[in-house]
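All of the numbers you see were taken from the coordinates with simple rules; none came from a lab. Predicted model only: the values in this text are computed from it and were never measured. For neighbour counting, all protein chains shown are included, and Cβ atoms are generated from backbone atoms with ideal geometry for every residue, glycine included.
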Amino acid sequence: MRDHRTFPEQFIWGVSTSAYQIEGGWDHDGKGESVWDRFTHKGDTIRDDRRTSYIQEYLHELHRAIEHGQDVRGYFVWSLLDNFEWHHGYKQRFGIVHVDYETLKRTPKESYFAYRSINRKNGLPG
């Protein structure tokens, strides 16, 4: 019997830097970046608990849609790197990798490692 949290073998995982995406809304209600998001670290990892939870919950619901017959062929996180957003400039950070705009240093966020783990296991945490 197939684990109910395992995605189909042909499912495509990715990180998007284009408009081809299905994720959105982790920043709903104008949350924006907080001190917690940017400066709370676990080792060298930037903690972004809300984003990590959002990705896991979104994928759980996406998996339910697949179980109910929806033709879902892939999932792309928006976006790999913090970047310039036309409407918000550099204020909001959507990347799963933090970019220090002064030094250009890139630091994977907690959501990066959670998403990587889901990809490698092709499934959600139990």
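Results, tabulated for the structure shown:
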quantity	calculated
Spin-label model distance (nm) - T103 vs W86, 7 Å beyond Cα toward Cβ	3.3 nm
Interchain or long-range residues, amide H under 5 Å from G74's placed H	I12
Summed side-chain charge close to F84 - residues other than F84 whose Cβ falls under 13 Å, Lys, Arg +1, Asp, Glu -1	0
